[in-house]
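The structure under discussion appears below in the form of structure tokens.
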Amino acid sequence: MVRKQTVWRHFFSLGLAVIVALTAAGFSQEYNEAPALAEMVAAGELPPVAERIPLEPKLVNELPASLLSYEIGQYGGTLRTAVVSWRLADVFIGTNEPLINTAGLLGEEVTGNVLLGWEANEDQTEFTFFLREGMRWSDGEPVTTEAVRYAWEDVMTNEELTPLPVSWLRSGGSPTGELMTLEIIDDYTFKMTSAEPYGGFINPVLTLEGWNAYEYLLKPAHFLRQFHASYASEEDLARLIEEDGQVDDWIQLHQKRDCPRASNVNAIACMGNPKLHAWLLVSRTQEQAVYERNPYYWKVDAAGNQLPYIDSIVTTNVQDFEALGLKMISGEVDFAREALALNKMPLYRENEANGYIAGVYNMHITPTDVLINWATDDPVWRQVVWDLRFRQALAYAIDREEIIDSVYFGFAEPTSHGINEFDPDRANQLLDEMGLDQRDAAGFRLGPDGETFTMDFVVPNDLWDDLVPVTELVVEFFNDVGIKTTMQAVPDSLVMEQGRANEVEVTVINTQTPIWGMIPKLNWYWQIAPPWVDWWYSGGQTGEEPPEIMKEFFTNLFELYKVPVEEGPALAQEVLDEIGEKVIYILHIENVKQPLIYSQNLGNVPESADAIAIAVNHAWEQLFFRQ
């Protein structure tokens, strides 16, 4: 089946194309803009709004009509948010712009986003993409396929800047596959070819579900050339390196200023880079970040209003979750999702009189999976962990109902993939059968070496508020069946550092399981065996070769990217079943709800609990303050 997105640009002259495109999409032929921008136009500081947006702007549809009765909004206001860690800033999702859009994150409707559209051949190996003619970077420069050529030829395939290109730009999405090829057809059309079928390239890879921001394939070449040795003189580069004071050469300088990840929206080093986001970072300290509207943003509503409606965003960085909670319940936050947890829901609901609404929506991840590192350097650990009976015993030892009731207030269900029973007797039986039947004076089980076998959880204490309480319960459950278990709650940065160094035995963290039709990515699972994941991504050049059970899991995971999109969800469920049956890691709960706090004056927030909470983040340009 050929997947095709119709484009009108080639069928009409320039003026007629604008009229036909807008009329067909339900737009007004006249565009409106924020009053502050209109003043800048009148003062000669900006071109007219019709010259700042594409010939065919994106008609906003971030949430499906089944979940949101969209209102034409009003301009103005500042959206107040708060974070415990800049990694968790809601604005990261609120400004993220994937190349392709799936309304509501459900994958049921796939449309262009940054890209106007695409065509794919029958066997899903050739993908032709169309840019939005007239789209401009935030500094007013036009977006053309030069942005794609630069991203591909000068960055992605430049071995100095990119020694190992990302796996999702390899044929079939495989880390060992041939790099896809790029053909520039004209100023607004380009083609990418995969040597093997790559049905998932459009969705989920290029949509929000893939978490691959547009910045990987579209880069502001006119801005970045000043940092590239192929374009800038040695003298100019030397001056820029000296002015920066934190980089040693042009490679580090370019990498610092490139800012390809969507999360770079918070980075001071990326401030001033031309972007396609709705809001742009204009100031940032450790305590606060301020973002202001992009005057060249390329989305409009059905009345022809250029988005976003809201003028600016202010994000405050607070000390800890307690301070964050106090700020929220006092009505000082207009929108919060990323750092919220259900264990605080009663508190949120009790204080709604302070001007906000505390809603409960669907969560796009499984939030507290137990990931055991199969590949630590300890041979005794490996001998124990590799035994399926050990991993099954741990799964049986977890009382899911207690976790659901005490941490998630009933807003979750036991996993439907693999073991979902609480059976400590069965856990003890399996541990005895595998030879862990001897105990020390305190009653804890001895390992094969005759020493007390211990498990040490290392979990972040500054990411999500449910990680520590869930881990505390899991520690109790494992201790109850004789596995001596402890927990360290440390900053996320330390968990990442120790994990990458293969020093974390076991952790509790969220994973992108393939619910909502999303495909899980291997780099979400690096905690289960860092050296094996390194081996897989490097094609055997680094890391350690994994055993067959993990090779098979990795292979099945990447097979998801090759099949046609319509076959992906069913195959994803098979991968989930494999995770559960082999206990690759412990999926203990699913269908978890997530709190969302938002101002009572905020419009275009879905009331339906069937909405996915993070999809509301992704629809920030639709939000507006009722006056």
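The values are calculated or read from the model by the stated rules, or taken from the named source; none is laboratory data. Predicted model only: the values in this text are computed from it and were never measured. Cβ placement follows ideal geometry from the backbone for every residue including glycine, while neighbour counts extend to all protein chains displayed. Heavy atoms of the whole protein, side chains included, go into the accessibility calculation; ligands, DNA and RNA do not. Shrake-Rupley method; radii C 1.70, N 1.55, O 1.52, S 1.80 Å.
Across region 102-144, the residues whose backbone nitrogen lies under 20 Å from the label position 7 Å along the beta-carbon direction of Arg225 are 134-144.
Gain on full extension, evaluated as 0.36 nm per residue between Asp437 and Glu146 minus their Cα-Cα distance, stands at 98.2 nm.
If you bin all the Cα-Cα distances of region 422-476 at 5 Å, starting from zero, the percentages per bin are 4, 16, 18, 19, 17, 12, 9, 4. Distance from the Cα centre of region 53-98 to that of region 145-222, in angstrom? A separation of 26 Å, based on Cα centres.
Rg and Dmax of region 385-425, both derived from C-alpha coordinates alone, stand at 11.3, 34 Å.
Applying 1/(1 + (r/R0)^6) with r as the Cβ-Cβ distance of Asp139 and Arg349 and R0 = 45 angstrom yields a FRET efficiency of 0.50.
Between the listed residues Ser85, Pro460, Trp374, the Cα displaced farthest toward the positive end of the dipole of the chain, a dipole computed from Cβ unit charges relative to the Cα centre, is found at Ser85.
With all protein chains in place and a 1.4 Å probe, the accessible surface of region 59-140 carries 46 percent carbon and sulfur.
With a sphere of radius 11 Å drawn around the Cβ of Arg389, what net charge do the other residues whose Cβ falls strictly inside it have (Lys, Arg +1; Asp, Glu -1)?
Its environment carries a net charge of -1.
For Ile509, what is the net charge nearby, where nearby means another residue's Cβ is under 10 Å from its Cβ and Lys, Arg count +1, Asp, Glu -1? Neighbourhood net charge equals -2. Remark: region 175-251 is approximated by an ellipsoid whose semi-axes, taken from the C-alpha gyration tensor as √(5λ), come to 33, 16, 13 Å, largest first. Given R0 = 51 Å, the distance between the Cβ atoms of Asp244 and Asp123 translates into a calculated FRET efficiency of 0.65. Using the empirical formula 2.2 N^0.38 Å as the baseline, the Cα radius of gyration of region 285-430 reaches a ratio of 1.54.
Basic side chains Lys and Arg get +1 at the Cβ, acidic Asp and Glu get -1 at the Cβ, and with that the dipole of region 446-498 about its Cα centre reaches some 160 debye. Working note: Cα atoms of region 554-627, range along each principal axis, descending, whole Å: 54, 29, 17. Go ahead and run the numbers for FRET between Gln74 and Met271, Cβ-Cβ distance against an R0 of 41 Å, rounding to 0.05. About 0.90, to the nearest 0.05.
Karplus-based coupling profile of region 416-432, in residue order and whole Hz: 9, 10, x, 5, 9, 9, 9, 9, x, 5, 5, 4, 4, 4, 5, 5, 5, with θ = phi - 60° in 6.51 cos²θ - 1.76 cosθ + 1.60 and x standing for Gly or Pro. The HN-Hα couplings worked out from phi for region 115-129 by the Karplus form 6.51 cos²θ - 1.76 cosθ + 1.60 (θ = phi - 60°) are 7, 5, x, 7, 10, 10, 6, 4, 8, 6, 10, 10, 10, 9, 10 Hz, whole numbers, x standing for Gly and Pro.
The H on the amide N of Thr452, modeled in the peptide plane, is under 5 Å from the matching H of Gly447, each at least 5 residues off or on a different chain. When the P(r) is computed for region 356-482, the part past 22 Å accounts for 41% of the Cα-Cα pairs. Gain on full extension, evaluated as 0.36 nm per residue between Lys582 and Asp480 minus their Cα-Cα distance, stands at 34.4 nm. Centroid-to-centroid, using Cα positions, region 286-332 and region 335-350 are 18 Å apart. Taking a ≥ b ≥ c as the square roots of the eigenvalues of the alpha carbon gyration tensor, region 87-211 is rounded, as a/c is under 1.5.
Residue ranking by accessible heavy-atom surface, 1.4 Å probe, largest first, among Ser233, Ser66, Ser138 comes out as Ser66, Ser233, Ser138.
Computed with a 1.4 Å probe over protein heavy atoms only, the accessible surface of the chain comes to 38 Å² per residue. Estimated purely from DSSP H runs of n ≥ 4, each contributing -39500 (n - 2.57), the mean residue ellipticity at 222 nm for the chain is -7500 deg cm²/dmol once divided by its residues. Taking only protein heavy atoms and a 1.4 Å probe, the accessible area of region 390-437 is 40% carbon and sulfur.
With N the number of residues in the chain, Rg(Cα) / (2.2 N^0.38 Å) evaluates to 1.00. Considering only Gly331, Leu347, Phe201, the residue lying farthest towards the positive end of the dipole of the chain is Gly331, judged by Cα position with unit charges set on Cβ.
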